[in-house]
Amino acid sequence: MNYHHLFSKTKLNQKELSNRMVVAPMTRISAEDDGRANITMKKYYERYAKGGFSAVISEGIYPDDNYSQGYYNQPGLANGSHTESWKPVVEAVKNQGALFIAQIMHAGGQSQGNSYTDETIAPSPVAPKGNQLEFYGGKGAFSEPREMSIEEIENTKKAFKEGALRAMEAGFDGVEIHGANGYLLDQFLTDYLNNRDDQYGGTVENRMRLMIEVIELVREAVGEDFILGIRISQAKVSDSSHKWEKGEKEAEQIFAALGNTPLDYIHVTDQDALESSFGPGTKTLAQAAKEFSQLPVIANGQLGNPEKAEQLLKEKHADLAALGTSALANPDFPNKAKFGMEMEEFDFKKTLLPKAHIKEHEVEKELVQ
């Protein structure tokens, strides 16, 4: 099979990517207790670059020592020692020829483990649906968060900015702002989690305000030559079936607004990247993002078959394919695809249970190079 589109070159900002396959961000709770990156993480991330991926997006990294941490043993970019700890990890990935993008994440009300506080904050005092994820160290229902003050919103914007600057200092090629999966920025966007009656609540435009202010503030801080993206989804960790109330019409509003910001790309994640996202006969989430924003789009969602990923690109749904569980099973996915080799199936139990930390068998696995 000739995967012409998958193996074509492209650019994000001014940085060249050797192919269209990207590692999606995945929480692996393997950092030190104080949030520093370590040798296990270095080996883990380096494998993806050795395996042929043109870019790697890190797991969500918390940017401050207040309310942003979502999981115990999640890595941070909240201080100088965090920054220093990431440098050898970043260097290892880049030395293998891949770009490395740091995903900056504030967990908000969906936090289930924070070393700095027992309290959670969110747009409104509404607990996320569902239960905490046990394989990420949580248990039982989410607690009710406290409503954020304007001052706390300002502090949060500053945290994203400072986290991005630390990522830059650590050597990352760019940052991806986490606006998806039910974390803080997505909580502001979500109708039932945001009951505010100020400039950050009510209309879609108001509910997007914080997200857009963060994008603009980060761009101003990092300059024009640093990759800046955002991740967007309808579904959440705590509510996997959530859809935007006005469907494709709301998607148009959201993506058109993002298209007017200084972003380099939008990364969308859906149950299946090639399925209609707003009901039968509607656009995929990636198509909606691409058409309404006019920005480059990375798509994620069951693209673990190279033929399907090739189709996504060929039909112009997206510009890049992000792989999650299929990259966990095949850290050398691009090299295997190039040689026409069979892909391994993802084993949830073996990889993410009883806890989702990086296992020895993962980092010791022999790669196709």
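The values are calculated or read from the model by the stated rules, or taken from the named source; none is laboratory data. Quantities reported herein were computed from a predicted structural model and do not represent experimental measurements. Heads up, the Cβs are rebuilt from the backbone with ideal geometry, glycines too, and the neighbour counts pull from every protein chain shown. For accessibility, only protein heavy atoms count, side chains too; no ligands or nucleic acids. Shrake-Rupley method; radii C 1.70, N 1.55, O 1.52, S 1.80 Å.
Quick grid of which residues meet (1) of a type in the set (S, T, N, Q); (2) closer than 26 Å to I212 by Cα:
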position	(1), (2)
D270	no, yes
S277	yes, yes
G281	no, no
L295	no, yes
Q302	yes, no
E315	no, no
L323	no, no
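Pairs please, first residue from the range 153-180 and on the phi > 0 side of the Ramachandran plot, second anywhere and part of a helix (DSSP H, G or I) and open to solvent by 50 Å² or more (accessible area, probe 1.4 Å), Cβ atoms under 8 Å, 6+ apart in sequence or on different chains.
If the second residue must be part of a helix (DSSP H, G or I) and open to solvent by 50 Å² or more (accessible area, probe 1.4 Å), the pairs left are G171/K87; G171/E91; G171/K94.
Residues in the range 329-343 that are surrounded by fewer than 22 Cβ atoms within 10 Å (Cβ to Cβ), assigned to a helix (DSSP H, G or I) and of a type in the set (A, V, I, L, M, F, W, C): how many?
Residues flagged as surrounded by fewer than 22 Cβ atoms within 10 Å (Cβ to Cβ), assigned to a helix (DSSP H, G or I) and of a type in the set (A, V, I, L, M, F, W, C) within the range 329-343 amount to 1.
Based on this model, can you work out whether A107 counts as under 18 Å from N181 (Cα atoms), free of Cβ contacts under 8 Å to residues at least 24 places away in the same chain and not hydroxyl-bearing (S, T, Y)?
No.
Restricting attention to the range 344-365, which residues are assigned to a loop (DSSP other than H, G, I, E, B) and open to solvent by 40 Å² or more (accessible area, probe 1.4 Å)?
Residues satisfying the conditions are E344, E345, F346, D347, L353, P354, K355, H357, K365.
Is the range 149-166 home to any residue that is aromatic (F, W, Y), part of a helix (DSSP H, G or I) and open to solvent by 10 Å² or more (accessible area, probe 1.4 Å)?
Within the range 149-166 (the criterion being aromatic (F, W, Y), part of a helix (DSSP H, G or I) and open to solvent by 10 Å² or more (accessible area, probe 1.4 Å)), the answer is no, since none of the residues qualifies.
Any residue in the range 1-13 that's among the small types (G, A, S): show its pairings with residues that are part of a loop (DSSP other than H, G, I, E, B) at Cβ separation under 7 Å, as long as the two are six or more apart or on different chains.
S8/R20
Check whether at least one residue in the range 177-190 is among the polar types (S, T, N, Q) and more than 17 Å from the chain's Cα centre (by Cα), and report yes or no.
yes
So which residues in the range 126-148 are open to solvent by less than 20 Å² (accessible area, probe 1.4 Å) and of a type in the set (G, A, S), if there are any at all?
Across the range 126-148, the qualifying residue is only G138.
State whether one or more residues within the range 328-350 are closer than 15 Å to Y265 by Cα and within 18 Å of the chain's Cα centre (by Cα).
Among the residues of the range 328-350, not one is closer than 15 Å to Y265 by Cα and within 18 Å of the chain's Cα centre (by Cα), which makes the answer no.
Please enumerate the residues belonging to the range 190-210 that are under 23 Å from E59 (Cβ atoms) and surrounded by fewer than 24 Cβ atoms within 10 Å (Cβ to Cβ).
T190
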